[in-house]
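Worksheet: one structure, shown below.
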Amino acid sequence: MEVEIEFKEPVAWIKDLVKTHSASIRIRDIRMSGEGVKDLLEIFMPSGKIEGFSSELLDKKRVEKDNVTIVDDTHATAIVNAHECAVCKSILKWDLFLTEAYSTGSGDIIMKLLVPDEATVSGFLHRLEEDGVRFELLKKRALSKRGDITARQEFVVKTALELGFFDYPKKVNLEGLSKRLNVSYVTLAEILRRAEKNIISSYFKKKEE
């Protein structure tokens with residue numbers, strides 16, 4: 001199943017970043033390390049603000065020096081400490097799969113998660129309520145096995161599209177994409193090939209109907 005949830009200002013410093021610095025945040029991954037919970041973030045800000053933001057993160061010890069990468073004057077990536085994030089801890093505890101997460105203008109975070117069954121959804125939401133997390137369930141749907149592409153193929157193709165794999169010239173090549181998705185080069189190529197075939201086949205099938 002897939003659920004879409006809007007979390008109400010789950011992390012104070014992200015709320016501040018969005019409201020004070022006009023930033024846009026995307027959470028690309030949540031992982032447990034030996035030092036606790038870590039989030040991989042992409043941060044987009046108005047031109048000229050990235051440098052100051054990076055220094056602020058370092059000063060407040062949100063990140064280590066080697067865990068911030070400034071891509072250009074409006075875009076940075078960072079691996080941040082997320083020990084205080086009850087949502088992140090719950091996601092890891094329930095073995096859910098994050099497919100998309102982004103900030104809203106108010107500092108809320110919208111997440112799309114893949115879950116194995118209805119019981120897991122109920123248990124996860126109940127746990128959030130017990131932890132005092134404010135949220136709104138926006139969507140819940142069963143993934144159809146008869147869809148044009150699988151959930152995994154959809155995630156890979158969508159990520160490739162967002163990162164510029166299909167642009168000309170490419171913003172990221174197959175090797176770079178495989179590293180971002182933590183999938184082997186060969187496996188990723190096969191996933192993309194099958195997904196592209198299914199999408200194209202579906203397109204022409206609908207044209208004939």
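The values are calculated or read from the model by the stated rules, or taken from the named source; none is laboratory data. Predicted model only: the values in this text are computed from it and were never measured. Neighbour counts are summed over all protein chains in view; Cβ atoms, including those assigned to glycine, are modelled from backbone coordinates with ideal geometry. These accessible areas exclude ligands, DNA and RNA; they are computed on the full protein's heavy atoms, side chains included. Shrake-Rupley method; radii C 1.70, N 1.55, O 1.52, S 1.80 Å.
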**Asked** Pick from segment 173-195 the residues that are of a type in the set (D, E, K, R) and over 21 Å from residue 100 (Cα atoms): which of them is surrounded by the most Cβ atoms within 10 Å (Cβ to Cβ)?
**Response** 194
**Message:** Filter segment 83-92 down to the residues that are open to solvent by less than 30 Å² (accessible area, probe 1.4 Å) and at pLDDT below 85 and list them by number.
**Reply:** 85
**Item:** Which numbered condition residue 155 misses (of (1) out of contact with any strand residue (DSSP E or B) (no Cβ under 9 Å at 6 or more places or on another chain); (2) within 21 Å of residue 30 (Cα to Cα))
**Value:** (1)
**Message:** Name the residue that is farthest from the chain's Cα centre (by Cα), counting only residues in segment 93-130 that are in a loop (DSSP other than H, G, I, E, B), at pLDDT below 90 and of a type in the set (D, E, K, R).
**Reply:** 117
**Message:** With the requirement that a residue be within 12 Å of residue 81 (Cα to Cα) and either hydroxyl-bearing (Ser, Thr, Tyr) or open to solvent by 60 Å² or more (accessible area, probe 1.4 Å) (or both), what does segment 1-39 give you?
**Reply:** 31, 32, 33, 34, 35
**Complete:** Okay, strands (runs of 3 or more DSSP E) sitting entirely in segment 1-45 with 1 or more residues that are more than 22 Å from residue 121 (Cβ to Cβ) and out of contact with any Cys (no Cβ under 7 Å at 6 or more places or on another chain), I get 24-33, 36-44
**Asked** Does residue 170 satisfy the criteria of being open to solvent by 70 Å² or more (accessible area, probe 1.4 Å), outside any helix (DSSP H, G or I) and closer than 23 Å to residue 96 by Cβ?
**Response** no
**Asked** Between residues in segment 117-128 that are open to solvent by 20 Å² or more (accessible area, probe 1.4 Å) and residues that are of a type in the set (S, T, N, Q), which pairs lie under 9 Å by C-beta distance while being six or more apart or on different chains?
**Response** 127/90
**Prompt:** Within the bounds of segment 136-153, is there any residue that is under 16 Å from residue 1 (Cβ atoms) and either assigned to a helix (DSSP H, G or I) or open to solvent by less than 30 Å² (accessible area, probe 1.4 Å) (or both)?
**Reply:** yes
**Item:** Number of the exception - residue 157 against (1) touching a helix residue (DSSP H, G or I) at 6+ places or on another chain (Cβ under 6 Å); (2) surrounded by fewer than 13 Cβ atoms within 10 Å (Cβ to Cβ)
**Value:** (2)
**Request:** For segment 64-82, indicate whether the set of residues that are surrounded by fewer than 16 Cβ atoms within 10 Å (Cβ to Cβ), at pLDDT 80 or above, acidic (Asp, Glu) and in contact with a strand residue (DSSP E or B) (Cβ under 6 Å, 6 or more places away or on another chain) is non-empty.
**Result:** no
**Request:** Would you confirm whether any residue within segment 43-54 is open to solvent by 60 Å² or more (accessible area, probe 1.4 Å), closer than 27 Å to residue 113 by Cα and modelled with pLDDT of 80 or more?
**Result:** yes
